[in-house]
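Only one structure is covered here, and it is reproduced in the block below.
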Amino acid sequence: FLADNGCGSDSYGISILSPEGFVVTKNLDKLPVKKVLAALKKKVKESNSVIGHTRQATCGDVNIANAHPFISEDKRITLIHNGVIQDWEKKTEELKKLGHSFSGTTDSEILLHTFEENLKTIKEPTFEEIAETMNKTCNTSSSVNTIIQLLDGTIVAFADFRLYKNVGKGYVLL
C-alpha cells in the first residue's frame, strides 16, 4: 500500500478503527497513497487498528463499491483481499438467499459475507475461532491472501487460506 508503485492502481481504500466504529475511506483518484495518509493523519494516529488496500481489478467494475476494504453488514468486520474466488457469482446468489446484501460486483466481497455468515453464531470469537472460521470460509477458493480487521482492533492475516500472522491489536497494516 505504502510503496505506491503503480500496482493496484484502479482504486484504494483504508479502514480506520475509531471509538465510534470503522471509518472506511475509498477512492478512485490516482492520488499518491502517502498524500491520502497525510490527509487522514489525525484519524490514523488516534486509532489502534488500520488496514489499507490498493486494487487492480480482475473481475467486477472499477468503482467505489468494488474498492476494498469491505465492511460487514453488522459493522464488526472489515476485510481486504487479493486473489481469485472460484464460482463467485454462484456463491453470491447463495448468500443473497441467506439475506446478505452486496455493495459491489466483485469476487472479494464473497469472502466477507461468507466469513460473516460462518462467524455469526460466535458472539465473542477467540483468535482460534477466527482462524478456524477463515479456514472454513476459504476452503473452496483459490489464491487467497486476506486481512481481517475486527471491531476490537484485532488484525489477522491469512496467506492461501492458512493463518499467516496474528497481527494482534494496536497495529497499522498497509
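Values as computed for the structure displayed
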read-out	value
Complete set of residues in the stretch 121-155 that are part of a loop (DSSP other than H, G, I, E, B) and either at positive phi or modelled with pLDDT of 85 or more (or both)	ILE122, GLY153
Evaluation of THR92 against (1) out of contact with any Gly (no Cβ under 8 Å at 6 or more places or on another chain); (2) surrounded by fewer than 18 Cβ atoms within 10 Å (Cβ to Cβ); (3) at pLDDT 70 or above (one fails), failing number	(2)
Among (1) surrounded by fewer than 18 Cβ atoms within 10 Å (Cβ to Cβ); (2) touching a helix residue (DSSP H, G or I) at 6+ places or on another chain (Cβ under 6 Å); (3) at pLDDT below 85, the one test that ASN118 misses	(3)
Qualifying positions in the stretch 51-85 - aliphatic (A, V, I, L, M), modelled with pLDDT under 80 and outside any loop (DSSP other than H, G, I, E, B)	VAL84
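The values are calculated or read from the model by the stated rules, or taken from the named source; none is laboratory data. Computed from a predicted structure; not experimentally measured. All Cβ positions, glycine included, derive from the backbone under ideal geometry; neighbour counts span all protein chains shown.
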